Amino acid sequence: MDILKKPIVTEKMTGLGEKLNRYGFIVDKRANKIEIKKAVEEMYDVTVDSVNTMNYGGKAKSRYTKTGIIAGKTGSYKKAIVTVVDGDVIDFYSNI
């Protein structure tokens with residue numbers, strides 16, 4: 001469970017899951033595609049066809065308040081889009 005942090009459950013990713021059998025995950029920054037593939041296959045009992053990864057850097061954010069400007073930064077993360085073989089389905093809602 002160290003590699004897969006959480007699934008991405010958005011309207012766009014749900015549509016990709018229904019049409020193209022692609023599912024999104026927030027993963028550990030140090031994980032490579034082979035480790036991500038093994039983790040998804042073990043956790044969800046599916047066969048993974050391909051893995052695409054993206055690194056997102058944190059954005060600089062600022063907010064104006066009565067006491068002055070508060071500056072900060074959002075967290076950076078790595079996202080993986082996993083394509084599973086036709087016929088396999090990942091159900092994120094089965095554990096609820």
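Every number in this text was worked out from the coordinates using simple rules, so none of it is lab data. Everything quoted here is computed from the prediction, not taken from an experiment. Please note: Cβ atoms are built from the backbone with ideal geometry, for glycine as well, and neighbour counts cover all protein chains shown.
When the Cα positions of Asn32, Asn21, Thr83 are compared along the charge dipole of the chain, Asn32 comes out farthest toward the positive end, with charges on each C-beta of Lys, Arg, Asp and Glu. For the stretch 38-51, putting each phi into the Karplus relation 6.51 cos²θ - 1.76 cosθ + 1.60 with θ = phi - 60° gives couplings of 4, 5, 5, 5, 6, 6, 10, 6, 10, 9, 8, 8, 8, 9 Hz, in residue order, rounded to whole numbers and with x for Gly and Pro. Against the chain, whose longest principal axis is taken from its Cα atoms, helix 11-20 shows a tilt of about 20°. Counting only Cβ charges, +1 for Lys and Arg and -1 for Asp and Glu, the dipole size of the chain around its Cα centre is about 1060 debye. Taking label positions 7 Å along the Cα-Cβ direction at both Thr74 and Asn55, the computed distance is 1.9 nm, reported to one decimal.
On full extension, the segment bounded by Lys6 and Asn32 gains 7.7 nm, given 0.36 nm per residue less the C-alpha separation.
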